[in-house]
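Asker: Sharing a structure, written as structure tokens. Questions coming.
The values are calculated or read from the model by the stated rules, or taken from the named source; none is laboratory data. Just so we're clear, the structure is a prediction, and the values are computed from it rather than from any experiment. With ideal geometry, Cβ positions are generated from the backbone for all residues, glycine too; neighbour counts draw on all protein chains shown.
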Amino acid sequence: MAYCIYPILDTLPVHLSNIWVVDETYLIYEGKWGYLFTVLDGEYGSIIAQLFSPSRSVASAYAVLEKASRRFELDNCGIITVVTDGLASYPPATQLLASQTKGQFQHCQVIGLKDGKVKNQYRRYKNLVENYYSVLKPYYYRKRGFGSFAGAVTFSILFTLYYNYLHPSDRFGDKPIIQIEGLIIRILSFHGRD
């Protein structure tokens, strides 16, 4: 089912502001650690892009940023601020994205509790990603890991659908972050199952 939904996820609307919050969390598959990279919209908190990877490499960080950039008309959107934690993969991945696209990016690392005035203005965005994890982690913990890499990918696809379009959010009056009339019918008709 997830692989049937995946192609339609990129066609569904998401909130797009000029602040991206990027973070990764571990998910266990086949007894090993893998990493779910997530790019959230800084204003609304919706998932712009996700990528499950066996490593926390520059290539993985770049791949999720590049996936997020495909949602934008980069030559018309101004400077995008990429807010991350201290993972060393993010600065070079952001620089690589800027060199490979028409976009303008500025990277801001928020580390620890107090980082000074400039970074404190971005601290609320890191809190946004922690709020996201408070929704994701209970679903993941019930699974106690995944039997395969594909299982972890399936989880991330279905969770994106749930979090953006179905999950009742306190911030939006117990409605989903993004509301789409007839979403289930749209998914079924995409696959010819009216």
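Asker: Which residue out of L40, L87 is surrounded by 14 or more Cβ atoms within 10 Å (Cβ to Cβ), closer than 28 Å to G147 by Cα and over 15 Å from the mean Cα position of the chain (by Cα)?
Answerer: Numbers: L40 fails: over 15 Å from the mean Cα position of the chain (by Cα).
Answer to the check: L87.
Asker: Among what's in the stretch 164-175 and is in contact with a strand residue (DSSP E or B) (Cβ under 9 Å, 6 or more places away or on another chain) and more than 17 Å from T11 (Cβ to Cβ), pick the residue that is surrounded by the fewest Cβ atoms within 10 Å (Cβ to Cβ). Can you show your working first?
Answerer: Here is the first cut: in the stretch 164-175, the residues in contact with a strand residue (DSSP E or B) (Cβ under 9 Å, 6 or more places away or on another chain) are 164, 168-169, 175.
Now drop any that are not more than 17 Å from T11 (Cβ to Cβ), which leaves 168-169, 175.
Numbers: P168: 10, S169: 18, K175: 12.
Only one residue fits best here, namely P168.
Asker: Go through (1) over 15 Å from G42 (Cβ atoms); (2) touching a strand residue (DSSP E or B) at 6+ places or on another chain (Cβ under 7 Å); (3) not in a helix (DSSP H, G or I) for K102 and report which single condition fails.
Answerer: Status for K102: all satisfied but (2).
Asker: Another one. Only one of (1) part of a helix (DSSP H, G or I); (2) surrounded by 14 or more Cβ atoms within 10 Å (Cβ to Cβ); (3) at pLDDT 85 or above; (4) not aromatic (F, W, Y) fails for P138. Which number is that?
Answerer: (2)
Asker: Also, I was wondering about something else. Taking the options S60, S69, name whichever one is small (G, A, S), modelled with pLDDT of 90 or more and touching a Gly at 6+ places or on another chain (Cβ under 9 Å). If you could, list the steps in order and put the result at the bottom.
Answerer: Numbers: S60 fails: touching a Gly at 6+ places or on another chain (Cβ under 9 Å).
Checking each option against the conditions leaves just S69.
Asker: A further question on this structure: Pairs needed: first member in the stretch 1-21, at pLDDT below 75 and surrounded by fewer than 16 Cβ atoms within 10 Å (Cβ to Cβ); second member anywhere, polar (S, T, N, Q) and not in a strand (DSSP E or B); C-beta distance under 8 Å; at least 6 residues apart or different chains.
Answerer: Partner pairs satisfying both residue conditions: Y3/T154.
Asker: Looking at (1) over 10 Å from the mean Cα position of the chain (by Cα); (2) of a type in the set (A, V, I, L, M, F, W, C); (3) under 18 Å from I80 (Cβ atoms), find the lone condition where V64 falls short.
Answerer: All conditions are met except number (1).
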